[in-house]
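Undergrad: Take a look at the following structure, please.
Readers should treat all values here as calculations from the given coordinates under stated rules, not as data from a laboratory. Predicted model only: the values in this text are computed from it and were never measured. Positions of Cβ are generated from backbone atoms using ideal geometry, with glycine treated the same way; all protein chains shown enter the neighbour counts.
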Amino acid sequence: MKTKAFLSLLFLLFSLLSLRAEGDQIAEYAVSEIPEALKKNADVVLRLSEERFFIENPGKGRFEVKKVITILNAKGKGHADAYVHYDDKLVMGRLISGEVYDAYGNRVSKLSKKDIQDASTGSSGTFVGDNRVQYAELKHHSYPFTVVYTYEQNYNGLFSLPSFAPLMGEKMSIQQASFELVCPAGYEPRYRLLNMPTETKSFVDGNGNKHLRWELMNIPPLKIEPYAPPFSEQEPHVQIAPDQFEIEGYKGQMTDWQAFGKFMYELNTQRDAVPPALQSHILWLTADAQSEHEKIAILYKYLQENTRYVSIQLGIGGFQTFPAGYVYENGYGDCKALSNYMKSMLKQLNINSYLTVIYRGSNPPPIDPGFAINRFNHMILCVPLEADTVWLECTNKHSLPGYLDKSTANRYALLATPEGGKLVRTPSRAPEQNARLRTATIHLQADGHAKINSTQLYSGYLQDHLEDVIGSYAAREKEEYLRETIVPGSYDLGQFALYRDSLATEPSCITQYELSVKNCASASGNRLFLSPNILSWEMDIPEKMSERKQALRFTKPYFIKDSLHFELPKGYVIESLPTFPVVIESPFGSYRAHIEVLGEGQFIYTREVLLREVDQPASAYEAFRDFFRDISKADKLQLVLTNRS
């Protein structure tokens, strides 16, 4: 019996040693330890996030991070990569460690130095910078698996501090996440809580350092509902900003927007001297101009025709402009340099303007007028005139003065004035200013097929992407883009053209095409059944929801109008006509459809849709959905045509 017991003990020890040889096992990393509620509707679970930022002084800080992330399925594999961003001057960073664990918590691999890649993210044809990234792919052959990695960053300058925003997308849940900010005695950081379910914890340690700590526990995935505020406004988030800072020898304050803007003004002042040759050329160009608006337009066109955009993000150069003389000599600059160059030229004509920092892109981060923080990534120019204000996007070679596209319109921006910063909102646009106006002639045939000639004029936000297509796409790519805009169906595309409207007072683009369409109408005996709304996409009805939780928001208002001239086959007349006009009025917009019969063989179908900007509580969602549903129903109305010959 003793021998048998001894052999059993040896077998147990051998089994334990075998497990240990295969890899370390950490029970808490087993997927079974994740609460089921956190797996539901998730691709990724953030098991643990520990972030600590140590402020040494207004010019130096250290960031230490540990992440434990479980990848539940292939859709979440992008979160398995360990990476740390840095540059050669302001933020130094390095990956410290990385490990992969299987579903049972067994370690299956460990990161070695040769696995870590180091690459530049700061140079391309139109981008020059010193931004770099260290990264490593932490992979496993089967799901789910868990990755663990750590990294650190050393900050030389505290113009921007890390924020606590651990939720990195809609399909991620959080098991445990924390952020701790450690400040020396006398240093008072500022912070703002957004959607945080917990309060701030604080204490002072034995050395007089102040600790601020925030925690999140068991946060399920955040699903953004249709037509809701963006993720950045709904995620749990702590914004952190310095009170005072130092960056490459420049000292500043961010106590409020005025102080922040004062720093930006002083950082970029006395860089507006222009060479004598340019001074003379400016006076010659504008000699016959009759107004300040005309002078601005002339110099803006000169800027567009004689400079090109190159983003330059080298150290303090990410915030400080090149002198105007540099742009004149070299013919290029980044958003700051081109805006300053335009500002410098206007100064020669005694037209005052302000460099303006703004966030460029969709879904700008939330900005509180009472909390100054650097949430900007771009610079434009503001020219305040007596009667109005002209905004200039100096990196766009085709825009017109005063126009801001949807990537910079209707959001907060900060003017850098001699008196300090002024937080303002850039203009929004009325629906009618973002329009698509279509005219078309449809030659309907007796078999239901049709020949169509159509012209579309796009303006405002609706032309923004089309302008890029016209300016940068190859011929084949332009055709593919145009095909994407044509209502699905069986058709042959004939001649087509895409071009800018050079006579328009605001940026406008035009598309024209010829189509041969099959089954434009349904034939049955001597009758044709026709839905006249044949060239506009059917309005998508917003998703039905049993319980709406998030606010209702629509930020890109527009107006579209179709005027379609139908020519019927010989002998065909309208036998049955639905009740027209169809008029739908709503707080969210309006719809109108009308048919004008010109004679037995012709009629004009007119359709108008206007959508307003919307920002209402969740309770308005069902009425918003009804509005789209009513439009969809009206778009499907049919005429009956009959052959009387």
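Undergrad: Relative to a virtual label point 7 Å from the Cα of residue 308 in the Cα→beta-carbon direction, which members of segment 375-419 show backbone nitrogen distances below 17 Å?
TA: 395-398
Undergrad: Can you pull the three principal axis extents for the Cα set of segment 471-593, in Å, largest first?
TA: 52, 45, 30
Undergrad: How many angstrom lie between the C-alpha centres of segment 391-406 and segment 506-581?
TA: Centre-to-centre (Cα) distance: 33 Å.
Undergrad: Just want the answer: with Cβ charges of +1 for Lys and Arg and -1 for Asp and Glu, which residue in 27, 135, 41 is farthest toward the dipole's positive end in segment 27-247?
TA: Positive-end residue among those listed: 27.
Undergrad: Another question, then. What do you get when you divide the Cα radius of gyration of segment 163-297 by 2.2 N^0.38 Å, with N the number of residues?
TA: Compactness ratio reported: 1.69.
Undergrad: Taking 0.36 nm per intervening residue step and subtracting the Cα-Cα distance, what contour gain separates residue 104 from residue 85 on full extension?
TA: Here the answer is 3.7 nm.
Undergrad: How large is the dipole of the chain about the Cα centre if only Lys and Arg carry +1 and Asp and Glu carry -1, each at its Cβ, rounded to the nearest 20 debye?
TA: 1180 debye
Undergrad: Shifting gears a bit: In nanometres, what is the gap between the two model label sites at residue 137 and residue 474, each 7 Å from Cα along Cα-to-Cβ?
TA: 2.7 nm
Undergrad: Give me the angle, in degrees from 0 to 90, between the Cα long axis of helix 276-285 and the longest principal axis of the Cα atoms of the chain, rounded to the nearest 10.
TA: 30 degrees
Undergrad: Using only alpha carbons, build the gyration tensor for segment 486-533 and give me the equivalent ellipsoid semi-axes, biggest first, whole Å.
TA: 33, 13, 8
Undergrad: Mind pulling the angle between the C-alpha long axis of helix 475-485 and the longest principal axis of the chain? Nearest 10 degrees, somewhere in 0 to 90.
TA: Tilt relative to the chain: about 80 degrees.
Undergrad: Measure up 89/251; 295/561; 67/251; 66/201; 262/397; 397/478 against 23 Å on the Cα-Cα distance and list the ones that go over.
TA: Flagged as over cut-off: 295/561; 67/251; 262/397.
Undergrad: Suppose R0 equals 25 Å; then what is the FRET efficiency for residue 28 and residue 204 from their Cβ-Cβ distance, rounded to the nearest 0.05?
TA: After rounding to 0.05, the efficiency reads 0.20.
Undergrad: Going by C-beta contacts inside 10 Å, put 441, 198, 395 in order with the fewest on the left.
TA: Fewest-to-most Cβ neighbours within 10 Å comes out as 198, 441, 395.
Undergrad: Now for a different question. So what is log10(I(q)/I(0)) for segment 27-247 at q = 0.16 1/Å, when the Debye sum runs over its Cα atoms only?
TA: Normalising to I(0) and taking log10 leaves -1.22.
Undergrad: For residue 117 paired with residue 75, estimate the spin-label separation in nm (one decimal), with each label point 7 Å from Cα along the Cα-to-Cβ line.
TA: Placing both labels 7 Å beyond Cα along the Cβ direction yields 2.6 nm.
Undergrad: List the extent of the Cα atoms of segment 256-425 along each of their three principal axes, largest first, rounded to whole Å.
TA: 46, 36, 30
Undergrad: Taking the Cα centre of segment 27-247 as the origin, how large is its charge dipole in debye, to the nearest 20, when only Lys and Arg (+1) and Asp and Glu (-1) carry charge on their Cβ atoms?
TA: Working: 25 positive and 29 negative charges, 78 e Å.
I would put it at about 380 debye.
Undergrad: Which loop-located trypsin sites (Lys or Arg not before Pro) does segment 590-645 contain, where loop means any DSSP state but H, G, I, E or B and the Cβ has at most 15 other Cβ atoms within 10 Å?
TA: 612, 636, 644
Undergrad: Another question, if that's okay. For segment 27-247, what is the relative contact order in percent, using Cα pairs closer than 8 Å and at least 6 residues apart in sequence? Write out the running numbers ahead of the final one.
TA: On the way: 548 pairs, mean separation 58.3, N = 221.
26 percent.
Undergrad: Can you give the angle from 0 to 90° between the axis of helix 335-347 and the longest principal axis of the chain, with both taken from C-alpha atoms, to the nearest 10?
TA: 60 degrees
Undergrad: Related question: With only Lys, Arg, Asp and Glu charged, each at its Cβ (+1 for the first two, -1 for the last two), find how big the charge dipole of segment 421-524 is about the Cα centre; round to the nearest 20 debye.
TA: Working: 11 positive and 13 negative charges, 59 e Å.
Around 280 debye, computed over segment 421-524.
Undergrad: Let me know the whole percent of all Cα-Cα pairs from segment 448-512 that are separated by more than 21 Å.
TA: On the way: 524 of 2080 pairs.
In whole percent, the long-distance tail amounts to 25.
Undergrad: While we're looking at this one, here's another question. Taking 0.36 nm per intervening residue step and subtracting the Cα-Cα distance, what contour gain separates residue 192 from residue 524 on full extension?
TA: Values: separation 332, 0.36 × 332 = 119.52 nm, distance 6.68 nm.
Contour length minus Cα-Cα distance gives 112.8 nm.
Undergrad: Rounded to whole Hz and in sequence order, give me ³J(HN,Hα) for segment 594-611 from the Karplus expression 6.51 cos²θ - 1.76 cosθ + 1.60, θ = phi - 60°, writing x for Gly and Pro.
TA: Here the 3J(HN,Hα) series is 8, 10, 10, 7, 8, x, 5, x, 8, 7, 10, 9, 10, 9, 10, 10, 10, 10 Hz.
Undergrad: The chain: D in µm²/s via Stokes-Einstein (Kirkwood Rh, Cα pairs, 10 °C, 1.306 mPa s)?
TA: Roughly 54 µm²/s, to the nearest whole number.
Undergrad: Given the options 395, 418, 326, identify the residue whose Cα lies farthest towards the positive end of the charge dipole of segment 310-442 (+1 on Cβ of Lys, Arg; -1 on Cβ of Asp, Glu).
TA: The residue sitting farthest along the positive end of the dipole is 395.
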